[in-house]
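Any read-out appearing in this document is the output of simple, stated calculations on the displayed coordinates, not a laboratory observation. Everything numeric in this text was worked out from a predicted model, so none of it was measured. Positions of Cβ are generated from backbone atoms using ideal geometry, with glycine treated the same way; all protein chains shown enter the neighbour counts.
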Amino acid sequence: MLIAATDKGICAIQFADTDAELQQGLMREFPFAVRKRDDEAMAQWKLSLERLIDGEESNRSLPLDIRATAFQRKVWEHLQKIPRGETRSYSEVARKIGMPKATRAVARACATNPVAVAIPCHRVVRQGGELGGYRWGIERKEQLLAMEKEAGA
């Protein structure tokens, strides 16, 4: 897992199988940014993220510095309201944000989410309950959902 931040907040939370993949992903996402590793400066946010994953904190406790279209922001704000351990379908999310025909656009907003877990796009599934896709791999989506259900049981 990689956490990247600006002076305003977290701009990326990404998963990958190797450190090299994480670095490549960050470089693709922020090609012109000056990147400097600073584990000490990130320690508190890392701890908050671990607590969030463990269900001890809310996703609103992390300061985010992300760019989004008005539509993405609307979707992402709604996703942050989905209770831990629960899922919603892409079409449910589209209806809840007042755009019932925007199911594919909701899926695209989930796919472009730059901050895994903080914006819990892993909680959005297909209409029949199938997991669908996940930017960081379907296995990770499955793991995150299982961890949430386990913690809630």
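Quick notes
- For ALA16, distant residues with modelled amide H under 5 Å away: none
- Of the residues ALA43, ALA118, ALA16, the one that moves most in a GNM of the chain with alpha-carbon contacts below 10 Å is ALA43.
- The chain: relative contact order as a whole-number percent, Cα under 8 Å and 6+ apart: 25
- Of LEU22, LEU47, LEU64, the one that fluctuates the most in a GNM where the chain has Cα springs shorter than 10 Å: LEU47
- Within segment 1-138, percent of DSSP bridges classed antiparallel, to nearest 5: 50
- In order along segment 124-130, the Karplus-derived 3J(HN,Hα) couplings, from 6.51 cos²θ - 1.76 cosθ + 1.60 at θ = phi - 60°, round to 9, 10, 6, 3, x, x, 5 Hz, and Gly and Pro are given as x.
- Considering only alpha-carbon pairs that sit under 8 angstrom and 6 or more positions apart, the relative contact order computed for segment 2-61 is 19 percent.
- Amide H contacts of ILE10 (H built 1.01 Å from N, under 5 Å, at least 5 apart or other chain): LEU64, ASP65
- Computed per residue of the chain from DSSP H runs no shorter than four, each worth -39500 (n - 2.57), the mean residue ellipticity at 222 nm is -13500 deg cm²/dmol.
- Residues whose amide H lies under 5 Å from that of SER89, counting only those 5 or more places away or on a different chain, are VAL125; hydrogens are built 1.01 Å from N in the peptide plane.
- Percent of C-alpha pairs per 10 Å bin, segment 75-153, short to long: 20, 59, 20, 1
- Residue of LYS101, LYS141, LYS74 that the Gaussian network model of the chain assigns the largest fluctuation, springs spanning Cα pairs under 10 Å: LYS101
- Of the GluC sites (Glu not before Pro) in segment 69-150, the ones in a loop by DSSP (not H, G, I, E or B) with at most 14 other beta carbons within 10 Å are GLU86, GLU130.
- Here the Karplus relation 6.51 cos²θ - 1.76 cosθ + 1.60, evaluated at θ = phi - 60°, turns the backbone of segment 133-139 into coupling constants of x, 7, 3, 9, x, 4, 5 Hz, with x for every Gly and Pro.
- Dipole magnitude for the chain: computed about the Cα centre from +1 point charges on Lys and Arg Cβ and -1 point charges on Asp and Glu Cβ, it is near 960 debye.
- Sequence-distant lysines (8 or more away, or on other chains) whose Cα lies within less than 21 Å of LYS149: LYS81, LYS141
- Residue-wise HN-Hα couplings along segment 105-122, as the Karplus relation 6.51 cos²θ - 1.76 cosθ + 1.60 with θ = phi - 60° gives them from phi, are 5, 4, 4, 5, 4, 5, 5, 9, 4, x, 10, 3, 6, 4, 10, x, 5, 5 Hz; Gly and Pro carry x.
- Summing Lys and Arg as +1 and Asp and Glu as -1 over all other residues whose Cβ lies under 12 Å from the Cβ of THR112 gives a net charge of +3.
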